[in-house]
Amino acid sequence: MSAAASELLPEVRDPAAAAGLVRMIGELAPQHWKGVRGRKPIPSRHRSWSPVYDLSIDILTGLGVNYTKGCVRAPGYLISTWQLWENLLTIGARLCFGKSVVLSQKGFELGAKKKAPTMHKSSPFSVYPDCIIEAKGDRPRMILDAKYKGHIEKGQSRIVESDIYEALAFSKAANCKHIILAYPALPRANIFPPGTCSVFEKVEVDKITILGVQIETRQISRRGALNLFAENLSHQLTEHLFD
């Protein structure tokens, strides 16, 4: 714990936290850190120290963040990539179409459920598409739904059946005939500008159109890339709807 506190001290900017670490190092010293391989298990009588002990080990082994100057690695840091993709699409849609016409996670009633044994009382159930983009000018009303996994990552560019069924449910509940299922584009040899859209499959059911679209996200961290992502998203999604 003393070694972990010493590792953290140069990174702490809050004076109170830094003073606490200095006090902790002074109270625990002297200690001789022998590395992770030399550490001993905590005796059962000191079990209350386990959370702090385990956290100290994580700091010293770089799980979470390596605090070595000039080097950053985070093997223990987790990101919900599907949620990140959904948030990026929502932000991009609001930037390019305008906040007033983009409804995020709005519920639409699809039907009703009845439970045994009486089957008398019913309760509605709803579906929640990621974004509803209202019509404006020549642009029709459309649903933009983020998809993260399917057959694309296996090299098969097609919309999986479960996504088609879900899109049809969205269409019926929201009374919307245009659904865009947006997948992050797989890395290819050529790097295209962020927001570049390519349709890989089109499904038509009566008057309902479902488009499977791959969207380029590489270089999104560059300056101005988010605005470029939104601009390309706006022009190209609308163009594909009229193809």
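What follows draws every value from the coordinates through simple rules; no lab data is involved. Computed from a prediction, not measured in an experiment: that's the story for all the values here. Here Cβ is always computed from backbone atoms with ideal geometry, including for glycine, and neighbour counts include all displayed protein chains.
Summary table
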read-out	value
Distance-filtered residues of segment 99-117 - backbone nitrogen under 11 Å, label point 7 angstrom along residue 134 Cα→Cβ	99-103
Which listed pairs, of 99/177; 115/172; 115/202; 114/147, have C-alpha distances above 28 Å, in listed order	115/202; 114/147
Potential extension, residue 100-residue 54 segment - 0.36 nm per residue separation minus Cα distance	11.8 nm
Derived scalar couplings ³J(HN,Hα) [segment 87-102; Karplus, 6.51 cos²θ - 1.76 cosθ + 1.60; whole Hz; x for Gly, Pro]	5, 5, 5, 4, 5, x, 5, 5, 5, 8, 9, x, 4, 5, 10, 10
Inter-probe distance in nm under a simple model that places probes 7 Å from Cα toward Cβ, at residue 13 and residue 121	5.5
Chain lengthening between residue 175 and residue 91 when straightened (0.36 nm per residue, less Cα-Cα)	27.9 nm
Cα gyration tensor category, rounded, prolate or oblate, for segment 81-241 with a/c compared to 1.5	prolate
Estimated FRET transfer efficiency (residue 114, residue 188; beta-carbon r; R0 41 Å; 0.05)	0.25
Label point distance in nm, residue 83-residue 46, each placed 7 Å from Cα along Cα→Cβ	3.6
Residue exposure sequence - 235, 120, 240, 178 - by fewest surrounding Cβ within 10 Å	120, 235, 240, 178
Packing-based exposure ordering (other Cβ within 10 Å, fewest first) of 165, 53, 183	165, 53, 183
